[in-house]
Amino acid sequence: MTKFSYTEKKDTRSGFGAGLLEAGRKNNKVVGLCADLIGSLKMGDFQHEFPERFFQVGIAEANMMGLAAGMAIDGHIPYTGTFANFSTGRVYDQIRQSIAYSGKNVKICASHAGLTLGEDGATHQILEDIGMMKMLPHMTVINPCDYNQTKAATLAIADYQGPVYLRFGRPKVPIFTPKDQKFIIGKALHLVEGKDVSIFATGHLVWEAIEAEAILASKGISAEIINIHTIKPLDEEAIIKSVIKTGCAVSAEEHQIAGGLGESIAQTLVRNNPVPQEFVAVNDSFGESGTPADLMKKYGLTAEHIVDAALKAIERKS
């Protein structure tokens, strides 16, 4: 059984804010742009320390993407900040045409992703953003799991050449990854070794997967837990190696089944090593207003749902 534990909960958006400030201190090419959500995106410290490198564009997200593309041409490293819904759905044309098509070095940083945005409701709870972004050629897609990993990812993308979609959230979640970790884009992290089922989780669902592993262990089932923080490029080698050992898989994500991590894993398995796979994700539905905990439960995204999916995958295998 895993020994993962935590002493503190913190929102991943604060990890982004801390990472952006440190990235700005390390590299004077880093600039910040925000669409009237400085407090929500935790960009205030960067704005205070580097006012000449911070641009408040107002509620004009499309213009923000155009500005960022222009700044990248001039050699800067722009980090754009707004809610995930407005970072993708509202500005998809600008991202596709001005950033992804030419591979510009823009970091699209998106907070309040998924159902855990909570009470703001379906119009703000985007559950399609990973699919939208991963389908764009040249785009890297990253979805870290806690405060420390989000900070590390924010720092790492400053050194990466090319467009990045960095997704994080609003709720306070357990901090369980190392404080001074090195974030390697495209490299999955094995959290728990197991032999009966592979559980591939991303973002907020990583901690749920850890809790599911403890429940499964109490039932005599050995689950392997892998943190897929980078959805594109996907660490196919780690996925294939794991399922060769376990013979079945579960994917877990705070996103639609269509277009998400699970779909990418399924494509990998079909091409290389087909095994039974179960999906823990939102099933073709919009969200609604509610507390994050209630929404996670209603839409099937808790540790208990991961346990049920693991049992189904194991049953199909046998």
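No lab work stands behind these numbers, since they all come straight from the coordinates. Treat the numbers as computed from the prediction; the structure is a model and nothing was measured. Cβ sites come from the backbone with ideal geometry, for glycine too, and all protein chains shown count toward neighbours.
Compute a Gaussian network model of the chain, connecting alpha carbons closer than 10 Å, and tell me which residue from 232, 297, 107 fluctuates the most.
297
Neighbour counts of other C-beta atoms within 10 Å: give me 311, 117 arranged from fewest to most.
Starting with the residue having the fewest Cβ neighbours, the order is 311, 117.
Of 220, 162, 44, which is the most mobile in a GNM of the chain whose springs link Cα atoms less than 10 angstrom apart?
Evaluated over the chain, the most mobile residue of the options is 220.
I need 139, 64 ordered by Cβ neighbour count within 10 Å, fewest first.
139, 64
Order by neighbour count: 134, 3, 219, 241, fewest other Cβ atoms within 10 Å first, most last.
Placing the least packed residue first, the sequence is 3, 219, 241, 134.
Along Cα→Cβ, 7 Å out, is where each label goes; now give me the distance between the ones at residue 283 and residue 270 in nm to one decimal.
Simple spin-label model gives 2.0 nm for this pair.
Using a/c under 1.5 as the rounded threshold, could you call segment 42-122 rounded, prolate or oblate? The axes a ≥ b ≥ c are square roots of the C-alpha gyration tensor eigenvalues, and prolate needs a/b larger than b/c, oblate otherwise.
Oblate, because a/c is 1.5 or more while a/b does not exceed b/c.
Consider all pairwise Cα distances in segment 189-317 and report the whole-number % of them above 21 Å.
Summing the P(r) tail past 21 Å for segment 189-317 gives 31 percent.
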